[in-house]
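Visitor: Submitted below is the structure of interest, expressed as structure tokens.
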Amino acid sequence: MQKVRAAKMAGTAAMRKKSPAYTVDSEWRNRSEFVHGRGQIVEFLQRKWRKEQQYRLIKELWAWQENRIAVRFAYEWCDDSGNWFRSYGNENWEFDKHGLMQTRYACINDLPISESERLFHWPQGRRPDDHPGLSDLGL
């Protein structure tokens, strides 16, 4: 669960400036984009967060075995035109012997929503511990 909560923190301002949780040669696939190494990860995340504003994320552990974890997630965000989306997906993570993420595969689908359909209303940053999770919200 600590790895899942740490991954949620990757979206916060503190984590946006650095990528110490990933191996230097980490390999990612996010949707149809392939990202190689910490430098490209930082560039990818900066680009992502410029596009996906007012980002709120909930992740839920799906399965784990040895050094691999699978999570499902949903996040809400708006673009620079004020259009809202809820993005649903799954991530598979693999960690090295030091606990750093070495591989990440993410499959994500975006659903346009109205502002009134939003479910994630906490202040920007980490989701409060007492906020309902995905299963609690019926997602």
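The values are calculated or read from the model by the stated rules, or taken from the named source; none is laboratory data. Since we're looking at a predicted model, the values are computed, not measured. We place every Cβ from the backbone using ideal geometry, glycine too, and count neighbours over all the protein chains shown.
Visitor: If you scan the range 9-38, which residues turn out to be within 20 Å of E60 (Cα to Cα), at pLDDT 90 or above and surrounded by fewer than 16 Cβ atoms within 10 Å (Cβ to Cβ)?
Guide: Selection gives R29, R31.
Visitor: Given (1) out of contact with any Phe, Trp or Tyr (no Cβ under 8 Å at 6 or more places or on another chain); (2) at pLDDT 95 or above; (3) closer than 25 Å to H131 by Cβ, identify the lone condition not met by M101.
Guide: Unmet for M101, out of (1) out of contact with any Phe, Trp or Tyr (no Cβ under 8 Å at 6 or more places or on another chain); (2) at pLDDT 95 or above; (3) closer than 25 Å to H131 by Cβ: (1).
Visitor: Applying the selection to the range 21-48, what residues are out of contact with any strand residue (DSSP E or B) (no Cβ under 7 Å at 6 or more places or on another chain) and assigned to a helix (DSSP H, G or I)?
Guide: G39, Q40, V42, E43, L45, Q46, R47, K48 - these are the residues of the range 21-48 that are out of contact with any strand residue (DSSP E or B) (no Cβ under 7 Å at 6 or more places or on another chain) and assigned to a helix (DSSP H, G or I).
Visitor: Here's another thing I want to ask about it. Check E66 against each of (1) out of contact with any Asp or Glu (no Cβ under 8 Å at 6 or more places or on another chain); (2) within 30 Å of H121 (Cβ to Cβ); (3) not β-branched (V, I, T) and name the one condition it does not meet.
Guide: (2)
Visitor: Let me ask something else about it. Please verify whether the range 95-114 includes one or more residues that are of a type in the set (A, V, I, L, M, F, W, C), surrounded by fewer than 17 Cβ atoms within 10 Å (Cβ to Cβ), farther than 24 Å from E27 by Cβ and under 17 Å from the mean Cα position of the chain (by Cα).
Guide: yes
Visitor: Give all pairs with beta carbons closer than 6 Å in which a residue from the range 23-51 that is over 21 Å from N109 (Cα atoms) meets a residue that is assigned to a helix (DSSP H, G or I); count only pairs at least 6 apart in sequence or on separate chains.
Guide: Final answer for the pair search is V24/R38; D25/G37.
Visitor: Let me ask something else about it. Quick check on my filter: what residues within the range 74-105 are aliphatic (A, V, I, L, M) and closer than 15 Å to E52 by Cβ? Show your work before the answer.
Guide: Taking the range 74-105 first, the residues aliphatic (A, V, I, L, M) are 74, 100-101.
Across the range 74-105, the qualifying residue is only A74.
Visitor: OK, next. With the range 57-139 as the region, which strands (runs of 3 or more DSSP E) entirely inside it contain at least 2 residues that are touching a residue at least 60 places away in the same chain (Cβ under 8 Å), more than 27 Å from R38 (Cβ to Cβ) and touching a Gly at 6+ places or on another chain (Cβ under 6 Å)?
Guide: Numbers: elements: 68-78, 84-95, 101-113.
Output list is empty.
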